[in-house]
Amino acid sequence: MTLPIPDSARTTLPERTYERLRNLIVRGRIPSGARVIEAEVALRFGVSRTPVREAFSRLIHDHYLVPVTSGKRTELAVAPFTAEDVRELWEIIGSLESYAASMTAILPETRRIKVADELRRINLELRATAAEQPRNADKLSELQTGFHQGFVLETAGPHMRSIYSALRPQVQRYEWIYGTHAQADYAPSIAEHMTIIAAIREGNAEGARNAVIRHWHEAISRTSKVIRPAPFASPRIKPRRKSLKGKT
């Protein structure tokens, strides 16, 4: 027997559906270009179509899903990876993080050294994980996120947290796909992280700000090189249908 869902839980079901579907997209479980069908998602998640429809609306707004034309029909598919997105996202998050790094660098000495030590620990784990074969794209992405959140959230206020939490999954989606490429080189990124750590440890706000900006500018080139060609070059192209089925 299915228990009725309380009113308070009903209001959060679209949010949970959105987050669950977004996480599948971010972690590549539903790949770029894959069609997403409302009925299939509802069945897979064990929910009605209403929260799925609401989740789809948010995912379109946040550019995780895009409309594609197939014959006379318009369907939804996971947004393709593009070099243009990389440049825009990396420039925006670089600006946010450079400010956060400068604020972290002026924290009291004991506190900023504690932050620097934790960042160093994460960076060393990132280096070890990047050397593993085969690579664990999920773990690499989690470590990358953990490193950057380590200094951003240390001083972030409510406005920064709101903007950053909305942007970070978009960046993480690209970090995940980067981690799936055997030729992706993590050594430059790890070295740039060390420069950021050193500036924070020394209390050098300007140095921390500049190190983060340089890091993301260099990352634009590295990430763009491993982006797969966009599957939707024009509305006339009909991408091969991919199944939504897979592990969550």
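The values are calculated or read from the model by the stated rules, or taken from the named source; none is laboratory data. Please read these numbers as outputs of a predicted model, since none were measured by experiment. Neighbour counts run over all protein chains shown; Cβ positions are idealised from the backbone, glycine included. Remember, those area values only see protein heavy atoms, side chains included, never the ligands or the DNA or RNA. Shrake-Rupley method; radii C 1.70, N 1.55, O 1.52, S 1.80 Å.
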>> Let me cross-check Met103: its accessible surface, 1.4 Å probe, with only protein heavy atoms counted, in Å² to the nearest 10?
In response: 70
> When only alpha-carbon atoms count, how far does the chain stretch along each of its three principal axes, as whole angstroms with the largest first?
Replying inline: 59, 44, 31
> By how many degrees, 0 to 90 and rounded to 10, does the Cα axis of helix 205-225 deviate from the longest principal axis of the chain?
Replying inline: 40
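Which peptide among 81-88, 199-206, 142-149 comes first, and what is the full order, when sorted by highest mean count of other Cβ atoms within 10 Å?
Packing proxy ranking, top to bottom: 142-149, 199-206, 81-88.
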> If all Cα-Cα distances of the range 84-145 are sorted into 5 Å bins from 0 onward, what percent lands in each bin, rounded to whole numbers?
Replying inline: 4, 15, 16, 17, 21, 17, 8, 2, 0
> Where does helix 49-61 land angle-wise versus the long Cα axis of the chain, in degrees 0 to 90, nearest 10?
Replying inline: 50
> When the Kirkwood radius is taken over all Cα pairs of the range 71-211, what Stokes-Einstein diffusion coefficient follows at 20 °C and 1.002 mPa s, in µm²/s?
Replying inline: 133
> Using a simple charge model, +1 on the beta-carbon of Lys and Arg, -1 on the beta-carbon of Asp and Glu, nothing else, what dipole does the chain show about its Cα centre, in debye to the nearest 20?
Replying inline: 1260
